[in-house]
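**Student:** One structure is given below, represented as structure tokens, and several questions about it will come after.
The values are calculated or read from the model by the stated rules, or taken from the named source; none is laboratory data. Everything numeric in this text was worked out from a predicted model, so none of it was measured. Reconstructed Cβ throughout: ideal geometry from the backbone, glycine too, with neighbour counts over all protein chains shown.
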């Protein structure tokens, strides 16, 4: 069947610069470039190009340019090239459209419409280079008040404190499973978390035995498929997370194709090699808040009540009511994942049309928990489109205790967001199980890049806090008076709980 799909990218090669070194041929896992030895020419199959820019980046003579294909269908606001391409693809395959990474629809990004307050004369700013600045964050349930005893000269704490996660910066690495990403990527995330003093999340793929040494900085996920969940897995973790849903695909399960289930992934996930790993949409033992409470209790019992338990849900219209039930069920941490949350593979229509921006869900959840007097009973962590240190600060002022970053972390490792993770042909060695491609990601280099990213963001957070006249991140949590909206409607401002700029 002749395909009617117009190639998305145009590959331009400068023949005067090209030295026929074949670097592009060897580096492209999608077979876009091929060399004809008789003619001594390198040719291109543009219909295979995904726009990962691996060839452009590594070309020694800068002979390549990859750009959006200027050939376009007739302009039509309703029947865009994307819509037509999706219809052509399904007419040719009869399958479900798949995609990777987060939603790229032009929905309003509220972080870009929120500004931060700054200190001036009456409330002096603080110089973070000369004065102490506290970014340390503790995640877990906290008491409403503390009882002390002992003598005045040597007081003692009488109140029992629930297990806490101690973080040196309010940023963690999101749940990304071993299988969706390579072992080298998992190692980079684990090592960077340990070096910075924060945490990374295993996702629903279990934990490779070689990474147990980073257990003190690992959040182990318990998802509906229960892949890789066993006593040692629970014991090695610093915290446990029950995954109910994720922002990229609310309400549906997961699918790791059998071709990605290698011998190592088979052992880690405890499934047969080469078989599809299908996680159902619901947990088949959770159909109510009471059922959720039972699983939370079981996990705490299994780990001797020494580890906090998180529950992760996708941001949806009734997230606030769900979060209230989760806290009352015993969750120590609530994780909210918004519509821009990334994924290795999701149905395109669900990724782009189901769920809500995490900013709106966060504001609603924080309000609800405060109104019910239970905000201190659980920490709130958000994910889904956190791109910079400014987004982190705004999220905390809006009510979060900390944030997860996923896509930003993968970009730091080299990802160019080509959205073809589900193919398993990641040219950067990130979203692949191909041994030849996996080797392209050096764990030492990748770890350093992630550490540099978190270090840079942390420095910027301290600068922003100093400019606001605040010397501790805890003082900013939920302080929406330090936020102002720009270009938002009255209804949006009311939901976010902030004033318009100038007010």
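**Student:** For residue 451, are the conditions met, namely being within 30 Å of residue 185 (Cβ to Cβ), free of Cβ contacts under 8 Å to residues at least 60 places away in the same chain, in the same structural domain as residue 259 (by TED's automatic domain parsing) and within 24 Å of the chain's Cα centre (by Cα)?
**Tutor:** On the way: within 30 Å of residue 185 (Cβ to Cβ): yes; free of Cβ contacts under 8 Å to residues at least 60 places away in the same chain: no; in the same structural domain as residue 259 (by TED's automatic domain parsing): yes; within 24 Å of the chain's Cα centre (by Cα): yes.
No: the conditions fail for residue 451.
**Student:** What residue, of 71, 61, 85, is exposed (fewer than 13 other Cβ atoms within 10 Å of the Cβ), modelled with pLDDT under 95 and either at negative phi or not in a strand (DSSP E or B) (or both)?
**Tutor:** 71
**Student:** Looking at (1) touching a strand residue (DSSP E or B) at 6+ places or on another chain (Cβ under 9 Å); (2) exposed (fewer than 14 other Cβ atoms within 10 Å of the Cβ); (3) part of a loop (DSSP other than H, G, I, E, B), find the lone condition where residue 50 falls short.
**Tutor:** (2) is the only condition that residue 50 fails.
**Student:** When you check residue 220 against the structure, is it in contact with a strand residue (DSSP E or B) (Cβ under 9 Å, 6 or more places away or on another chain), in a strand (DSSP E or B) and within 26 Å of residue 273 (Cα to Cα), yes or no?
**Tutor:** Yes; evaluated as a whole, the condition is true for this residue.
**Student:** Restrict the check to the stretch 235-258 and report whether at least one residue is over 21 Å from residue 382 (Cα atoms), surrounded by fewer than 16 Cβ atoms within 10 Å (Cβ to Cβ) and modelled with pLDDT of 95 or more.
**Tutor:** There is at least one residue in the stretch 235-258 that is over 21 Å from residue 382 (Cα atoms), surrounded by fewer than 16 Cβ atoms within 10 Å (Cβ to Cβ) and modelled with pLDDT of 95 or more.
**Student:** Do you know which residues across the stretch 91-102 are over 26 Å from residue 437 (Cβ atoms) and surrounded by 13 or more Cβ atoms within 10 Å (Cβ to Cβ)?
**Tutor:** 92
**Student:** Quick one: how many residues across the stretch 380-410 are closer than 21 Å to residue 446 by Cβ and out of contact with any helix residue (DSSP H, G or I) (no Cβ under 9 Å at 6 or more places or on another chain)?
**Tutor:** Looking only at that region, the number is 3.
**Student:** Something else about it: In the stretch 226-251, what residues are in contact with a helix residue (DSSP H, G or I) (Cβ under 6 Å, 6 or more places away or on another chain) and farther than 21 Å from residue 297 by Cβ?
**Tutor:** Residues satisfying the conditions are 227, 228, 248, 249.
**Student:** Specify which of the listed residues (115, 198) is surrounded by 14 or more Cβ atoms within 10 Å (Cβ to Cβ), within 30 Å of residue 236 (Cβ to Cβ) and at pLDDT 95 or above.
**Tutor:** 198
**Student:** Please work out which one of (1) touching a residue at least 40 places away in the same chain (Cβ under 8 Å); (2) in a loop (DSSP other than H, G, I, E, B); (3) under 30 Å from residue 485 (Cβ atoms) is the condition residue 77 fails and give its number.
**Tutor:** It fails just one condition, (1).
**Student:** Could you check residue 82 against (1) touching a residue at least 24 places away in the same chain (Cβ under 8 Å); (2) within 28 Å of residue 343 (Cβ to Cβ) and say which number it fails?
**Tutor:** (1)
**Student:** Quick check on residue 435: is it in contact (Cβ under 8 Å) with a residue 40 or more places away in the chain and over 20 Å from residue 99 (Cβ atoms)?
**Tutor:** When the stated conditions are applied, residue 435 does not pass them.
**Student:** Working only within the stretch 29-47, note down all residues that are assigned to a loop (DSSP other than H, G, I, E, B), touching a residue at least 24 places away in the same chain (Cβ under 8 Å) and touching a strand residue (DSSP E or B) at 6+ places or on another chain (Cβ under 9 Å).
**Tutor:** none
**Student:** Moving on. Would you mind stating whether residue 491 is within 21 Å of the chain's Cα centre (by Cα) and either free of Cβ contacts under 8 Å to residues at least 40 places away in the same chain or on the phi < 0 side of the Ramachandran plot (or both)?
**Tutor:** Spelling it out, it is not the case that residue 491 is within 21 Å of the chain's Cα centre (by Cα) and either free of Cβ contacts under 8 Å to residues at least 40 places away in the same chain or on the phi < 0 side of the Ramachandran plot (or both).
**Student:** If we keep just the residues of the stretch 172-195 that are part of a helix (DSSP H, G or I) and buried (at least 24 other Cβ atoms within 10 Å of the Cβ), which is nearest to the chain's Cα centre (by Cα)?
**Tutor:** Top of the filtered list is 189.
Yes/no per residue for (1) touching a residue at least 40 places away in the same chain (Cβ under 8 Å); (2) under 25 Å from residue 446 (Cβ atoms):
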position	(1), (2)
141	yes, no
157	no, no
162	yes, no
165	yes, yes
176	yes, yes
179	yes, yes
201	yes, yes
215	no, yes
224	yes, no
